[in-house]
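Input: a single structure, listed below in structure tokens.
The values are calculated or read from the model by the stated rules, or taken from the named source; none is laboratory data. What you see is a predicted model; the values in this text were computed from it and never measured. For neighbour counting, all protein chains shown are included, and Cβ atoms are generated from backbone atoms with ideal geometry for every residue, glycine included.
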Amino acid sequence: MTSKGPEEEHPSVTLFRQYLRIRTVQPKPDYGAAVAFLEERARQLGLSCQKVEVAPGYVVTVLTWPGTNPTLSSILLNSHTDVVPVFKEYWSHDPFEAFKDSEGYIYARGAQDMKCISIQYLEAVRRLKVEGHQFPRTIHMTFVPDEEVGGHQGMELFVQRPEFQVLRAGFALDEGLANPTDAFTVFYSERSPWWVRITSTGRPGHGSRFIEDTAAEKLHKVVSSILAFREKEWQRLQSNPHLKEGAVTSVNLTKLEGGVAYNVVPATMSASFDFRVAPDVDLKAFEEQLQSWCQAAGEGVTFEFGQKWTQPQVTPTDDSNPWWAAFSGVCKDLNLTLEPEICPAATDSRYLRAVGVPALGFSPMNRTPVLLHDHDERLHEAVFLRGVDIYTHLLPALASVPALPSES
Ligand code: MET
Ligand SMILES: [Zn+2]
Ligand SMILES: [Zn+2]
């Protein structure tokens, strides 16, 4: 794949690179600049733009292309505006410069996750509008803050607002993952994030002594139990070629805290875990399992949640679901191979599915290594432009799905 010189760059790519330069990086995203950029896009496209401040400083921006039949539910195209932090010293190029190399790879935080998709939605809508199309269903593009830290000041609040009810979303598209093969990944469900901090308390004292019942000793037991569970799930995944990553429960030990000095045995220590619980797991039984690991380690071992999602939902991927039929039908027509999976990570789709909006997680990036949250996150301009084409085909089909039984 070769790229054109800057003077010949495709305008959609130029727009993408402009958006990538906005520093919406956690933990202090410049949301104001992103909202201003989106307002300008709305103006250019002749779309209405609504700003819903779901919490002070947290604005959900909604661009709307009205359909011809307002009695029908709408299509919601969602993307988040924030991106995760970078370790700049490990990058080949400044992650907020949107550098394009001679081959056409665009390096930037958010190139895959998920500023590409925001611009692809906008550019697909622009093209369809310019061509004079109109569709029965309204298309809303929602640009939400806060996804990368849990969506608690973003989509979680937005779905509870009257402004969300008014959108009457019937179906949503949201982010997926790149796929290194020729196929495209599509997510119909996701694992539930459970962030668990285990705190162990025990007897303190002088570091030279054989103190019994220490916080560290008990914490070690819980850590061992959880890492043994991790190994069991890993083996289950490895031994069954039919299981994809999202179908088993994963866990990582992500933080250890405690202690003040080499020679002081601390009274408290803690370990934090990022569990991603598969959607078919009995969550009550799973919490009891956590409880029993703590109890088995001894007195004074407790746990608390940093995140605890308990409403996993599955969007059907068979033709009983007219949205799936429309989505997969277009992909078939375009000769795109789909790999339907459970998303291993968490996205804002979980909030949409929980309020009854079927959602698919789709990032149209094939032949692309999965580099989200990684150093040198990048996307080839040709893959990006192909994604605009794909949405240009998907949107007419989705926005023309005939009235559902519930809508007639
Ligand atoms: C659990 S909050 C979601 C943050 C991010 N999308 C992740 O999956 O880690
Ligand atoms: Zn994302
Ligand atoms: Zn992310």
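So in the stretch 354-372, with the set limited to residues that are in contact with a strand residue (DSSP E or B) (Cβ under 7 Å, 6 or more places away or on another chain) and within 16 Å of ligand 3 (Cβ to nearest atom), which one is farthest from Met155 (Cα to Cα)? Reasoning before the result, please.
Just the residues of the stretch 354-372 that are in contact with a strand residue (DSSP E or B) (Cβ under 7 Å, 6 or more places away or on another chain), to begin with: 357-362, 364-366, 368, 371.
After this cut, where a residue has to be within 16 Å of ligand 3 (Cβ to nearest atom) as well, the list is 361-362, 365, 368, 371.
Values: Gly361: 15, Phe362: 18, Met365: 24, Thr368: 28, Leu371: 24 Å.
It comes out as Thr368.
With the condition kept exactly as written, say whether any residue in the stretch 257-280 is under 20 Å from Trp195 (Cβ atoms), free of Cβ contacts under 8 Å to residues at least 24 places away in the same chain and in the same structural domain as Ser200 (by TED's automatic domain parsing).
Here is the first cut: in the stretch 257-280, the residues under 20 Å from Trp195 (Cβ atoms) are 257-258, 268-279.
Imposing the further condition that a residue be free of Cβ contacts under 8 Å to residues at least 24 places away in the same chain reduces the set to 257.
Next, only the ones that are in the same structural domain as Ser200 (by TED's automatic domain parsing) stay: 257.
Yes, the stretch 257-280 contains at least one residue that is under 20 Å from Trp195 (Cβ atoms), free of Cβ contacts under 8 Å to residues at least 24 places away in the same chain and in the same structural domain as Ser200 (by TED's automatic domain parsing).
Exactly one of (1) under 30 Å from Asp101 (Cβ atoms); (2) touching a Phe, Trp or Tyr at 6+ places or on another chain (Cβ under 9 Å) is unmet by Leu63. Its number?
Against the list (1) under 30 Å from Asp101 (Cβ atoms); (2) touching a Phe, Trp or Tyr at 6+ places or on another chain (Cβ under 9 Å), Leu63 comes up short only on (1).
Among the listed residues Asp274, Asp282, Asp348, Asp333, which satisfies the condition of being acidic (Asp, Glu) and closer than 30 Å to Ala216 by Cβ?
Details: Asp282 fails: closer than 30 Å to Ala216 by Cβ; Asp348 fails: closer than 30 Å to Ala216 by Cβ; Asp333 fails: closer than 30 Å to Ala216 by Cβ.
Result: Asp274 is the single residue among Asp274, Asp282, Asp348, Asp333 that is acidic (Asp, Glu) and closer than 30 Å to Ala216 by Cβ.
Kindly indicate whether Lys332 is among the charged types (D, E, K, R) and in contact (Cβ under 8 Å) with a residue 12 or more places away in the chain. Give the derivation first.
Values: among the charged types (D, E, K, R): yes; in contact (Cβ under 8 Å) with a residue 12 or more places away in the chain: no.
Against the criterion (among the charged types (D, E, K, R) and in contact (Cβ under 8 Å) with a residue 12 or more places away in the chain), Lys332 does not qualify.
Please pick out the residue among Thr81, Thr68, Thr24 that is in contact (Cβ under 8 Å) with a residue 40 or more places away in the chain, in the same structural domain as Gly132 (by TED's automatic domain parsing) and surrounded by fewer than 18 Cβ atoms within 10 Å (Cβ to Cβ).
None of the other options fit; the residue is Thr68.
Out of the residues in the stretch 266-287 that are among the hydrophobic types (A, V, I, L, M, F, W, C) and not in a loop (DSSP other than H, G, I, E, B), which is farthest from ligand 2 (Cβ to nearest atom)? Break it down into steps so the answer makes sense when it comes.
In the first step, residues of the stretch 266-287 are kept if they are among the hydrophobic types (A, V, I, L, M, F, W, C); the result is 267, 269, 271, 273, 275, 277-278, 281, 283, 285-286.
Okay, now just the ones that are also not in a loop (DSSP other than H, G, I, E, B), so 269, 271, 273, 275, 277, 283, 285-286.
Working: Met269: 33, Ala271: 27, Phe273: 21, Phe275: 19, Val277: 19, Leu283: 24, Ala285: 30, Phe286: 25 Å.
It comes out as Met269.
Filter the stretch 64-83 for residues that are over 20 Å from Ser406 (Cβ atoms) and either over 27 Å from the mean Cα position of the chain (by Cα) or of a type in the set (Phe, Trp, Tyr) (or both) and give the result.
Hit for the stretch 64-83 is Trp65, nothing else.
Take the residues in the stretch 181-218 that are among the hydroxyl-bearing types (Ser, Thr, Tyr) and within 16 Å of ligand 1 (Cβ to nearest atom); name whichever of them is farthest from Ser349 (Cα to Cα).
Among residues in the stretch 181-218 that are among the hydroxyl-bearing types (Ser, Thr, Tyr) and within 16 Å of ligand 1 (Cβ to nearest atom), the one farthest from Ser349 (Cα to Cα) is Thr185.
Residues in the stretch 370-385: is at least one in a helix (DSSP H, G or I) and either without any contact (Cβ under 8 Å) to a residue 12 or more places away in the chain or aromatic (Phe, Trp, Tyr) (or both)? First the steps, then the outcome.
So in the stretch 370-385, the residues in a helix (DSSP H, G or I) come out as 381-385.
After this cut, where a residue has to be either without any contact (Cβ under 8 Å) to a residue 12 or more places away in the chain or aromatic (Phe, Trp, Tyr) (or both) as well, the list is 384.
Checked the stretch 370-385: at least one residue is in a helix (DSSP H, G or I) and either without any contact (Cβ under 8 Å) to a residue 12 or more places away in the chain or aromatic (Phe, Trp, Tyr) (or both).
Among the residues of the stretch 192-215, write down those that are hydroxyl-bearing (Ser, Thr, Tyr) and part of a loop (DSSP other than H, G, I, E, B). Break it down stepwise before answering.
Initial filter on the stretch 192-215 (hydroxyl-bearing (Ser, Thr, Tyr)): 192, 199-201, 208, 214.
Those that are hydroxyl-bearing (Ser, Thr, Tyr) and part of a loop (DSSP other than H, G, I, E, B): Ser208, Thr214.
Please verify whether Phe16 is surrounded by 12 or more Cβ atoms within 10 Å (Cβ to Cβ) and free of Cβ contacts under 8 Å to residues at least 40 places away in the same chain, treating the condition exactly as stated.
On the way: surrounded by 12 or more Cβ atoms within 10 Å (Cβ to Cβ): yes; free of Cβ contacts under 8 Å to residues at least 40 places away in the same chain: no.
Here the answer is no, as Phe16 does not meet what is asked.
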